[in-house]
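For reference, the structure discussed in these notes is given below.
The numbers here are math on the coordinates, done by the rules we state, and not lab data. Treat the numbers as computed from the prediction; the structure is a model and nothing was measured. Cβ sites come from the backbone with ideal geometry, for glycine too, and all protein chains shown count toward neighbours.
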Amino acid sequence: MSGLRVSTLRGETPGTSPSLPDGAVVTDVITSTSFSGNLTGNATGNVVGNVTGDVVGNITGTAGTFSGNVSVSGTLTYEDVTNIDSVGIITARSGIKIGAGQSVSAVSGIATYYGDGSQLSGIESGVSNFVASGTISNGQTVIVTADGTVKAVSGVNQSVGSPTVFESASSTYISATYDSNSNKVVIAYQDAGNSNYGTAVVGTVSGTSISFGTPTVFESAATQYISATFDSTNNKVVIAYEDDANSDYGTAVVGTVSGTSISFGTPVVFESFSTSYHSIAYIGSGKVVISYRNSSDSKSYAIVGTVSGTSISFGGARTQFTNLSLYIKTTYVGNSKVVIAYRDTNSVSEGAAKVGTISGSSISFGSAVVFEPDLFSYSSAAYDSTNDKLVIAYQDGGNSNYGTAIVGTVSGTSISFGTHVVFESASVVNISAAYDSNSGKVVIAYTDYGNSQYGTAIVGTVSGTSISFGTPVVYESNQTEYISAVYDSTNEKVVIAYQDGAGVNNGTAVVFQNASTNLTSLNYTGIAAEAIADGATGKVTILGGVNTGQTGLTTARTHYIQNDGSLATSAGSPSVVAGTAISASKLLVWKS
């Protein structure tokens, strides 16, 4: 074989390439500025420029850079990539694995799954995240607040404490008031065990119990028609009464509470005639209004008293509001006004009311408004300050002496009334009403002649010009008389003082806990699916979800949220459905 050494091979004519029709075998490196045609065999090294046509065999390299699109008509196999950006459908025949702590999310908009979801697992439905306002325990019912956070349903259920004796002797003409300065309840009464002297005792509420100090005499003579109120300007208790030892004159005395005791100033006569049916109300600015019947001239009057130190003065003249009347009840309704409800004995003993306006030490009245055309007795009244309504409770003699209530609205110097509502379909006496501002309810205590004259209480809710009632509750399973109810705003309880007809007719008191809650018929959100710290974000089982944080449920029964947030198969007040139990520990959340 011969060899040929040349420096350059050229074509036959200038600008052409030489032809090698039988091919060429090159055992060393071929260097070329371009290559055209098929390449059979292995090519090792870098290829700079475009490769056009098919490549049969493997391309092996440490890196590849493509500035344009790469199309693969067959299968693309790879070990690892950083990102895959597909404008079409990606099919993963052996599944997709996602590392721990990683997620699948949409770049924008919503990631949508098409199918019935039957093959999905580990997906939480019916659960949403909320920020907690206050600590929330797992399984706790929650409400949504105005700022979008959730808080536990909380409150108390209705309850009655045990009766406590404050006077171990017959006690009559009982009247209770609340001293908001000392946070004490003061009960004034006639003590038959001590010559019927006018006496007062201080009570301290703790939970649903009440304890008492030593009784103190405020009038060393027989007293009747006792009525007490609290002057929050001077922090004094004012008691109006009939002084039997002084020709039954209308008299008032000022008391000061200290600890569990009360001391009194000198009694002051406000009416130098025989008086009865006293009713006193504090109207602000150290002033009280006392309404009463004057037995000497068969007329009824009201007078304004001003407290100063431990005494009281009556600078203005008395003002007649009607002729002879009974069952007088004076209630302050704000804006220097009182409403006096009474039985007008000049007609057919109908129930009537007048609005009184106080100016200085004087009082003037608007026209009488009849709200009960039949025999009206044993009245009491409470001012619902939330709804700005007056609730009058009474015995309706024209309807079998049933316990009845009516809502009044004051406008200027007049008052209008809604429709009568029966709260007890039996004869009732000794009615006393108090407004519980914490729960926004009126509590009416009374003697139920339809149930052995037991002491009974019922809760009323004002709506517009009407009132609705719950179920009566017995607080004393004995005959009761001389009932007086008062609201303790510090402990958010109603104290009911009364004469216990058993034994020697002891003066007795009981604490009534009204139901209250932050739950409404609209703010129930769901049940906490985990414990959530105050200010933290946590899971809440919402409507349609199943909460698994329960115990002791009754399977296949609807459960209702109670005032304290617990669940029961009976409705609370308000009536809010929590859901249906599908087991003892699982609740399907829904609401009516």
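So the values come out like this:
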| quantity | calculated |
| --- | --- |
| Region 158-514 - percent relative contact order, Cα under 8 Å, separation 6 or more | 14 |
| Point-to-point label distance, SER274-SER463, nm (Cα→Cβ direction, 7 Å offset) | 4.9 |
| Whether region 164-240 is rounded, prolate or oblate, judged on the alpha carbon gyration tensor where a/c under 1.5 counts as rounded | oblate |
| Global form of region 217-368, assessed from the alpha-carbon gyration tensor, a/c cut-off 1.5 | oblate |
| In order through region 172-177: 3J(HN,Hα) via Karplus (6.51 cos²θ - 1.76 cosθ + 1.60), integer Hz, x for Gly, Pro | 10, 6, 7, 9, 10, 9 |
| Whether region 380-513 is rounded, prolate or oblate, judged on the alpha carbon gyration tensor where a/c under 1.5 counts as rounded | oblate |
| Under 27 Å from the Cα of LYS299 - lysines, other chains or at least 8 residues apart | LYS287, LYS329, LYS337, LYS354 |
| Neighbour-count order for VAL391, VAL142, fewest beta carbons within 10 angstrom listed first | VAL391, VAL142 |
| Under 13 Å from the THR490 label point (7 Å along Cα→beta-carbon), backbone N, region 140-182 | 178-182 |
| For region 158-514, convex hull of alpha carbons as volume per residue, Å³ | 112 |
| Residues THR357, THR199 arranged by fewest to most Cβ contacts within 10 Å | THR357, THR199 |
| Against the rule of thumb 2.2 N^0.38 Å, how large the Cα Rg of region 335-445 comes out | 1.06 |
